[in-house]
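Quick notes on the structure that follows.
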Amino acid sequence: PSDVGILGIELVFPSLFVDQTELEQFDGVSAGKYTVGLGQDRMGFCTDREDINSLCLTVVSNLMKRYDVKPKDIGRLEVGTETIIDKSKSVKSVLMQLFEPHGVTDLEGIDTTNACYGGTAALFNAINWVESSNYDGRLALVVCGDIAVYAKGSARPTGGAGAIAMLVGPNAPLVFDRGVRSIYMKHAYDFYKPDLSSEYPTVDGKLSIQCYLSALDNCYRLYHQKYQRLHPNATVIGLNQFDALIFHTPYCKLVQKSLARISLNDFLLTSDSQKRKELYPTFYEKYDSIKLEDTYFDRDVEKIFMDYSKGTFNEKTKPSLLLANQVGNMYTPSVYSGLVSLLISADADVSKLNGRHVGVFSYGSGLASTMYSISITSDSSKLQSLLDKLSYVKPLLEQRTKISPEQFTSLMETRAHNSHRTNYEPSGDVSMLFPGTYYLKFVDDMHRRTYEKR
Ligand code: ACO
C-alpha cells in the first residue's frame, strides 16, 4: 500500500476547565508564572465520572460515528496510554465492548505504555501493520488518551486530559514519510509512577526538561542525517525543510524553547565558517565553540536563539499550540493535539496546508522519543474532508464550563481519595459532560467498572 498515514482524526477533551490566572492567585504564586512563564491559559480536568476507559470509549465511538466507520472495517486497534487502572487488563479490552456486539473480535493490537510516548509507539505499530505482509485491507484505529494530574505544587498547572483516535490506512491525506523515523531512548528517572495506588507521578521537573531537550537534540540530528542520506542533493535542510514543526507539549513555553533549540542545532551543524558568518552575523563568534550538553539551562544561549527563531516559531509552531494552551498536557495525545491544532488553524482553507511538510517530535519520560515527518497531501478534496470533520473543535472549546480553583482542588481530592475504591458510585455531575460522553457509572466489589453514555 502507498501513502500510508492518518485518514481521520478525532479528539475529546474535558468539558470542565480551570483558568490559569485564577490558579496563580489561588496558589499564591506571582502573577504570570503559569500564563506567561509556562504559556498556559486554561487546564482541562475530569471529575471522578471519567477515567481512561470512558475517555477512550467516547473518542472511539465519536470517530466511528463522524467518519461512518463500521466495526467490521477495523482490523487493528491499538491504544497508547500511561493512565493505568486495572494494571493487567488493557484499555483495548474495554474498547472491545464497541466491537464484540457486531461480531468483530478478530482485532490485532494491544496497549502500549511509556509515559507520553505510548501513542506514537501505537501509531507506528499501526503504520507498520498496514505496510506489512499481515495487512488484510481493513483499517487500523489508534487511540491515545490520558488523564494528567499532579499533586499540589509546582507541577499541578501542567496537567490536562484528553483522548485522540486516528484512523490509519493507505491513500491518506497525512502521509508518514518513510526512512526518516529517528529514535532516541535511554534510561532516566525523570518522571514515573511508582506508587500504584495514586494517579500522581513522581517528577524530577528540572531533570525532565533536560531529558526532553537532550532527546530533541539527538532525534533532530539523527533525522537530519537520515534525511540527507535519502536526499543527497537537497539544498534545503534543517529547520527550513519543514513548513511546520509540532512537539509533545508539557507546556507551551517549553515548545518555544524547543524550536530555539533546533535553531541552535542548525547553527552548530553549519560547519562552513563563512556560511555561519553569513547566516548568524551577530553572534557567530561568541557561540562558535559551545557544546549542546552545556546549554540546557544556559540563559544567554536560550535568549539568543529564542530571539533568533521567534519569527519561525510564530509561523511554523505557534499554530499547533492552541489545544495545549487551552487544555494542557494530555500526555500521549499531546503531540497529536498539536497536529489537530495545526489542521484547524487553517480554518478549513486547504491552500494553507496542501503539500506541506510537517516535522513531529514525540517524547515520553523514562525515556523514549522520536522525530519523524508527515507529508500533507496535495489532493485538495481529500484534505478538505479531513478539515471539515474537525470543524467542531474550536466551538467545543468555548462550550466548556469554567470551575473555580477551590472547586477544582476539591474535585481533585475526590479523585485522589476514591481512585481505587470499590462499591463506588462517582459523585461528579453527569449533566456537565458533553452529550455523547461515556462516564463511569459504578465500580463494584470486584473493581469491575460499568459505563453509561450521556
Ligand atoms: N511572570 C512570568 N514568568 C514567570 C513568573 C512570572 N511572574 N514567575 C516565574 N516565571 C517563569 C520562570 O522564569 C520560568 O521560566 P524560564 O524557565 O523560562 O525561566 C517559568 O515561569 C516556570 O517557573 P519555574 O520557577 O521554573 O517553575 P517551577 O520550577 O516551579 O515548575 C516545572 C516548572 C518544573 C516545569 C513544573 O511545572 C513541573 O515539574 N512540571 C511537570 C514536569 C514536566 O512537564 N516536564 C516536561 C517534560 S516531561 C513531561 O512531559 C511530563
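Throughout, read-outs are computed from the coordinates displayed, never taken from laboratory work. Quick caveat, the model's predicted, so the values are computed rather than measured. Virtual Cβ from ideal backbone geometry, glycine too; neighbours counted across all protein chains shown.
Can you give me the angle between helix 405-418 and the longest principal axis of the chain, using Cα atoms only, in degrees from 0 to 90, rounded to the nearest 10? Once rounded, one gets 60 degrees. Shape class of region 5-453 from the Cα gyration tensor (axes a ≥ b ≥ c, square roots of the eigenvalues): oblate, since a/c reaches 1.5 or more and a/b does not exceed b/c. In this calculation the C-beta distance from VAL236 to ASP349 is compared with R0 = 22 Å, giving a FRET efficiency of 0.35. Of the peptides 300-312, 51-63, the ranking by mean beta-carbon count within 10 Å, highest at the top, reads 51-63, 300-312. Region 240-312 to region 74-88: how many Å between their Cα centroids? Using only Cα atoms, the two centres lie 37 Å from each other. Working ranking of peptides 35-48, 108-121 by packing, defined as the average number of other Cβ atoms within 10 Å per residue, highest first, is 108-121, 35-48. So which lysines can LYS310 reach, going by Cα to Cα under 18 Å and dropping same-chain residues fewer than 8 places off? Within reach: LYS253, LYS257, LYS318.
Approximating the spin labels as points 7 Å out from Cα along Cα→Cβ, the GLU406-to-HIS102 distance works out to 4.7 nm.
Once C-alpha pairs closer than 8 Å and six or more residues apart are averaged by separation and normalised to the residue number of the chain, the relative contact order reads 25 percent. Enter the angle in degrees (range 0 to 90, nearest 10) between the Cα long axis of helix 118-130 and the first principal axis of the Cα atoms of the chain, meaning the one along which they spread out most. Rounded to the nearest ten degrees, it is 90.
Here the calculated FRET efficiency for SER30 and ALA416, from their Cβ-Cβ distance with R0 = 22 Å, stands at 0.25, rounded to the nearest 0.05. Between GLN210 and SER381, what FRET efficiency comes out of the Förster formula 1/(1 + (r/R0)^6) with R0 = 35 Å and r the beta carbon distance, rounded to 0.05? Efficiency computed from Cβ-Cβ geometry: 0.15.
Across region 359-366, coupling constants 3J(HN,Hα) worked out from phi with the 6.51/-1.76/1.60 Karplus curve, θ = phi - 60°, read x, 10, 10, 10, 9, x, 4, x Hz, and Gly and Pro carry x.
Nothing charged except the Cβ atoms of Lys and Arg (+1) and of Asp and Glu (-1): what's the magnitude of the dipole of region 5-453 about its Cα centre? Round to the nearest 20 debye.
Values: 48 positive and 52 negative charges, 135 e Å.
Using only the charged Cβ atoms, the result is roughly 640 debye.
Compute the length gained on full extension between PHE283 and ARG229: take 0.36 nm times their separation in residues and subtract their Cα-Cα distance, giving the result in nm to one decimal. Intermediate values should be presented prior to the final figure.
On the way: separation 54, 0.36 × 54 = 19.44 nm, distance 2.99 nm.
Between PHE283 and ARG229, full extension yields 16.4 nm more.
The order of the peptides 13-21, 356-364 by mean Cβ neighbours within 10 Å, most packed first, is 356-364, 13-21. Taking the longest Cα principal axis of the chain as reference, the axis of helix 52-66 is set at about 80 degrees.
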